[in-house]
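S.K.: I am attaching a structure below and will ask some questions about it afterwards.
The values are calculated or read from the model by the stated rules, or taken from the named source; none is laboratory data. These figures come from a predicted structure and were not determined experimentally. As a convention, Cβ positions derive from the backbone with ideal geometry for all residues, glycine included, and neighbour counts pool all protein chains shown. Accessible surface areas use protein heavy atoms only, side chains included; no ligands, DNA or RNA. Shrake-Rupley method; radii C 1.70, N 1.55, O 1.52, S 1.80 Å.
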Amino acid sequence: MAFSYIQTSAIKIVIYVVPHLGDHMFTILTGAQFGDEGKGKVIDLLAENYDIVVRFQGGDNAGHTVVVGGKTYKLHLVPSGALFEKRLLVGPGVVLNPRVLWSEIEALEAEGLKLDLGIDAKTSIIMPYHIELDGLREKARTEKIGTTNRGIGFAYVDKIAREEVQMEDLTDPALLEAKLNEIGPAKEKAIADMGGDPTIVKYGPFIDEYLEIGKKLKDKVVDVSREINAALDEDKTVLAEGAQGAFLDVIHGTQKFVTSSFTTAGSACANLGVGPVMVDNVVGVIKAYITRVGEGPMPTELKDETGVRMREMGGEYGTTTGRPRRCGWFDAVLALKSCYLNGYTELALTKLDVLTGLNPLKMCVGYELEGEELGYPPESTAKLARCQPIYEDMPGWTEDITGIDSYKDLPANAKSYVEKLEELLGVDITGVSVGPGREQTLFRD
Ligand code: GDP
Ligand code: IMO
Ligand code: MG
C-alpha cells in the first residue's frame, strides 16, 4: 500500500493512498441455485467487456457450456471467456486436474483459438489417488452424495490438511518426488483401508505424465492475486467466474449434499486474494425453473411428466457426467436466500424458453413445514427435506420465444413471469436468456 503524510507542527497525519480505488471494475458471477444455471453462457456474453476472466473455486466437476455460431464448447477448467480470447486465469482456490486442463487446451487450440492462460503456482493438483478415494468413499456410503467422481472433495481435504501437491510441484520432478514421499504413505494407507489399490499413489504411470504436462505449463505459472490487483490498478476489468451454485456451497448449502468448495460471491475475494472493496457488481445466474444433479433435498422437484418435459425441453443432462438432472418449478424461497448469500446487484435469468407451452406455471413462494408457513428456507438440511412447497399459479404462453430479439416483444405472460420473479427477489433482472446461443439474449434497461 502506498502512503504519504502531512506534517504539521502539532500532529502528523498519515494519509494512506490505496492505489486502486479508481475506475476499477471487478465483477463476480455465481450460480444462484444448484449449479448448471447457464453460467458459461452468461460469462461468455459478458467476457467481451472484460480484460481478464478468472476461475476462483471448484475443479473439473464444473461443466460450463458456451454456444457460439451453432458450435458447442463444454469447458471444465478453462474460463468461459476463452472464445473472446481474453486473458484467462485459474486461481489458487481451484483444484486442478492437469490431464483435463491439458486436453481442454489442446481441444480449444485445435479449434483455432489462441489461449492466453495463467495458472496460479499454489493451485492444488487433483491426483489420481483423490479420484480413487472419491470413488471408494462414495461406494461405501449408504446414503450417497452423487459426486461427479472427479476427486474434488479429497483434493480440498488435502488443501485444508496442508498435504496438497501444488501446480508449482509439477514443474520440478524433485519437488513432486519430495511431496509424494512426504504425503504418500498416509494416502496409501487410506486407499488400502478402503479396499483400493495403494500402488496408485506413488508408482502410477501418471507421474511421468503429470511432469510432462507440468513442463508444458511451466511458462503459464503465475501469481494470480498479484496479476489481478495490478490489472485493477491499471483500470483493467476483471470477471470472476463461479462454478457450481449457492446451495452446493460447503458452508451455506444443503450439507452433506454439497461440493467441497465455497461457491458464493464472497469466496471470490478470499480465493483470489482481492480485497472486498474492489467488488463493483455481483451477477447471479438463475434458471427460470430449478434443476439439481446428484442427491439432496429439492422441495419443488417434479417427478411427474412435467419434470420429464422440462428435462427434455431444457436438455437437462449433466455437462460433466451426462446424468439426468432433476427438474422442478422455480423456488423463490431458495432464490431469496441465494440473494442474501451472494449480495447480488443484478440477475441474469436463463432458459425462459423451456417453460413455453406449460400452463399454468407454478412458482414456489413459501414452504409449509409442520403446520407452519415459511418465507425463507429453514436453517437445517433435514428440515428443508421435509418442506412442502406453496405455489402461486401464473398463466403460461405458447408462442416460440427462441427467436425474439427484444424484451418488449416477449408474450405478455412471459414478461409477467419475469417481473413477478424480480418483485419476489427484489433484485433487477438485467438479462433474459431464451436459448443457448450467444445471440438468444434479451437485455433489459
Ligand atoms: P453452467 O454449469 O451454469 O455453465 O450450465 P451448463 O452449461 O452446465 O448447463 C446449462 C445448459 O443450458 C447448457 O446446455 C446451455 O447451452 C443451455 N442454456 C443456457 N441458456 C439457455 C437458454 O436460455 N435456453 C436454453 N434452452 N438453453 C440454455
Ligand atoms: P457447474 O459449475 C451441478 C454436484 C454433484 C454432487 C455434488 C458433489 O457446472 O454448475 P463433487 O464432485 O463436487 O464432490 O459433487 O455437487 N456438482 C454439480 N452440480 N453443476 C456443477 O457444476 C456441479 N459440480 C458439482 O453432482 O451432487
Ligand atoms: Mg454445468
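S.K.: Using the Karplus equation 6.51 cos²θ - 1.76 cosθ + 1.60 (θ = phi - 60°), what ³J(HN,Hα) coupling, rounded to whole Hz, does each residue of region 346-362 give in order, writing x for Gly and Pro?
M.R.: So the Karplus estimates, Gly and Pro as x, are 7, 10, 10, 9, 10, 6, 4, 4, 5, 7, 4, x, 8, 8, x, 8, 10 Hz.
S.K.: Please state the charge dipole magnitude for region 224-351, taken about the Cα centre, from unit charges on C-beta atoms (+1 on K and R, -1 on D and E), reported in debye and rounded to the nearest 20.
M.R.: Dipole of region 224-351, to the nearest 20 debye: 540 debye.
S.K.: To continue, here is another question. Which value in deg cm²/dmol, rounded to the nearest 500, describes the helix-derived mean residue ellipticity at 222 nm for the chain, given -39,500 (n - 2.57) per DSSP H run of n ≥ 4 and division by the residue count?
M.R.: -9000 deg cm²/dmol
S.K.: Right, something else. Please report the equivalent ellipsoid semi-axes of region 124-220, computed as sqrt(5 x eigenvalue) of the Cα gyration tensor, largest first, in whole Å.
M.R.: Calculated on Cα positions only, the semi-axes equal 24, 14, 12 Å.
S.K.: Further question: Apply the Karplus curve 6.51 cos²θ - 1.76 cosθ + 1.60, θ = phi - 60°, to the phi angles in region 301-315 and return the couplings in whole Hz, x for Gly and Pro.
M.R.: Once rounded to whole Hz, the list reads 4, 10, 9, 9, 6, 5, x, 5, 4, 4, 4, 6, 5, x, x.
S.K.: Follow-up. Once you wrap a convex hull around the alpha carbon atoms of region 31-109, what is its projected area averaged over all directions, in nm²?
M.R.: That works out to 5.2 nm².
S.K.: What is the Cα convex hull volume of the chain when expressed per residue in Å³?
M.R.: Given the Cα convex hull of the chain, per-residue volume reads 178 Å³.
S.K.: Still on this structure: Skipping prolines and chain starts, which residues have an amide H placed within reach, meaning under 5 Å, of the one on Val222, given they are 5 or more residues away or on another chain?
M.R.: Ile119, Asp120, Ala121
S.K.: Then there is this: Greater than 29 Å separation of Cα atoms is the criterion. Which listed pairs, Lys39/Lys159; Lys187/Lys256; Lys41/Lys187; Lys114/Lys218; Lys189/Lys256, meet it?
M.R.: Distance filter (> 29 Å) returns Lys41/Lys187.
S.K.: Related question: Excluding same-chain residues fewer than 8 positions from Lys362, which lysines have a Cα within less than 20 Å of its Cα?
M.R.: Cross-link targets: Lys287, Lys303, Lys337, Lys351, Lys415, Lys420.
S.K.: Which value, in debye to the nearest 20, gives the size of the charge dipole of the chain about its Cα centre, when Lys and Arg are +1 and Asp and Glu are -1 at the Cβ?
M.R.: For this selection, approximately 640 debye.
S.K.: As I understand it, the dipole of the chain uses +1 on the Cβ of Lys and Arg and -1 on the Cβ of Asp and Glu, about the Cα centre. Which of Phe84, Leu336, Tyr129 lies farthest toward its positive end?
M.R.: Tyr129
S.K.: On to the next question. Once Lys and Arg get +1 and Asp and Glu get -1 on their Cβ, which of Ala240, Val201, Gly214 lies farthest toward the positive end of the dipole of region 116-245?
M.R.: Val201
S.K.: Rounded to the nearest 20 Debye, what is the dipole magnitude of region 124-220 about its Cα centre when Lys and Arg each give +1 and Asp and Glu each give -1 at the C-beta?
M.R.: 300
S.K.: Pop out the carbon and sulfur fraction of the accessible area of the chain as a percent, whole number, probe 1.4 Å.
M.R.: Carbon and sulfur atoms account for 52 percent of the accessible area of the chain.
S.K.: Follow-up. In square angstrom, what is the accessible area per residue of the chain with a 1.4 angstrom probe?
M.R.: Each residue of the chain exposes 43 Å² on average to a 1.4 Å probe.
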